[in-house]
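Everything on this sheet refers to the single structure shown next.
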Amino acid sequence: MTVPGLNVALFIDADNAPSRKLAGVLKILEKIGTVSIRRAYGNWASANLCPWRKVLHEHAIQPIQQFDLTKGKNATDMAMTIDVMDVLYNKSVDVFCLMSSDSDFTPLIMRLRGDGKQVYGFGGPQSPAPFISACSQFHYLEGYTKPQAQPLPAPAAFVTAAVATSDPALPENSDITPVEPGAVSVALPKPYVKHTPDELNAVPGLKTLLIDSVCKVGAPGEWVTLSSVGAHLPKLNVKLYGYPKLVQLMEQFSVFEIKRENTHPLIRMKAKAIHGAHAVLA
């Protein structure tokens, strides 16, 4: 049964998603609301998308043609991003769903979340942690891996894997595994590996995410409670980096200054780091 009045838009990056998982994805979305917009993007003249062409009509998916204008460049991402923003401004949509494993969509997801929209992600086990963390909910499409032509270096703790959980919204015998809201589930080495400050600074998007959260709570140079900063980081799993508490993670970044009042940690940007932070977030 769908939820009356809740409009859902599904955008599929056909180059980075398996067609055989579509039925399971739609089954999940039907529990959320009415999937009124269903679009799949790619070069439909390509033989690689033949499996997708077979399921488009069956599930009422609108194919959006995007030619490969330059070899090695994915124009599909740009076309899909433009359409998502058009829908954001011109359509009444409550939930945006992206079926992809491409980290390039992370800024788009954060923009949608900033407008108060829910964003559901569906991707393969190789989906980057920043992409997963940005989503309101993320569901792994198990059994699907796509080799990356030029993989980006990442810490060992970034190697993601499906985590078996139960979800009543999943069809019987489904191999789509959800990540529970509020946490990023990954396959971590045991014991957790503590990242050095240099390693933490090299994690894509992590430093910017922390700076942005501090800036959202207080004015430049103002002391704010760490708990209020943490409220803007509901899905950040600090244990991913080997630290049991958020304060211990943030102490590793030289841009922050931390003190304690009655055992309660307070945090602010260091004066010399404020100008640089504005440049990063601009």
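The values are calculated or read from the model by the stated rules, or taken from the named source; none is laboratory data. None of these values were measured; they are calculated from a predicted model. Using ideal geometry, Cβ is built from the backbone for each residue, glycine included, and neighbour counts are taken over all protein chains shown. With ligands, DNA and RNA removed, areas are computed over all heavy atoms of the protein, side chains included. Shrake-Rupley method; radii C 1.70, N 1.55, O 1.52, S 1.80 Å.
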For this session: Sort out which residues of the stretch 198-251 are in contact with a Phe, Trp or Tyr (Cβ under 9 Å, 6 or more places away or on another chain), over 29 Å from Q118 (Cβ atoms) and surrounded by fewer than 19 Cβ atoms within 10 Å (Cβ to Cβ), and write them in order of number.
Result: E199, N201, P244, E251
Seminar exercise, completed: Per the filter on the stretch 1-17, residues of a type outside the set (A, V, I, L, M, F, W, C) and either crowded, with 18+ Cβ neighbours inside 10 Å or modelled with pLDDT of 90 or more (or both) are N7, D13, D15, N16
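Tell me which residues, restricted to the stretch 17-54, are polar (S, T, N, Q) and closer than 23 Å to K91 by Cα.
T34, S36
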Problem set entry | the stretch 195-224, subset within 16 Å of L236 (Cβ to Cβ) and assigned to a loop (DSSP other than H, G, I, E, B), residue modelled with the highest pLDDT | H195
Exercise. Which of (1) under 21 Å from the mean Cα position of the chain (by Cα); (2) at pLDDT 90 or above; (3) surrounded by fewer than 18 Cβ atoms within 10 Å (Cβ to Cβ) is the odd one out, the single condition G116 does not satisfy?
Worked result: (2)
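In the stretch 58-75, which residues are part of a loop (DSSP other than H, G, I, E, B) and modelled with pLDDT under 90?
Result: Q66, F67, D68, L69, T70, K71, G72, K73, N74.
Residues in the stretch 29-50: is at least one among the aromatic types (F, W, Y), open to solvent by 50 Å² or more (accessible area, probe 1.4 Å), farther than 26 Å from K235 by Cα and outside any strand (DSSP E or B)?
No: the stretch 29-50 contains no residue that is among the aromatic types (F, W, Y), open to solvent by 50 Å² or more (accessible area, probe 1.4 Å), farther than 26 Å from K235 by Cα and outside any strand (DSSP E or B).
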Exercise. In the stretch 87-100, is there at least one residue being at pLDDT below 85 and surrounded by 16 or more Cβ atoms within 10 Å (Cβ to Cβ)?
Worked result: no
For this session: Collect the residues in the stretch 30-47 that are out of contact with any strand residue (DSSP E or B) (no Cβ under 8 Å at 6 or more places or on another chain) and not hydrophobic (A, V, I, L, M, F, W, C), keeping them in residue-number order.
Result: E30, K31, S46
For this session: Inspect the stretch 238-259 for any residue being of a type in the set (K, R) and either at pLDDT 90 or above or more than 27 Å from D102 (Cβ to Cβ) (or both) and give the result as yes or no.
Result: yes
Problem set entry | Per-region count, the stretch 119-140, residues closer than 17 Å to N237 by Cα, part of a loop (DSSP other than H, G, I, E, B) and open to solvent by 30 Å² or more (accessible area, probe 1.4 Å) | 1
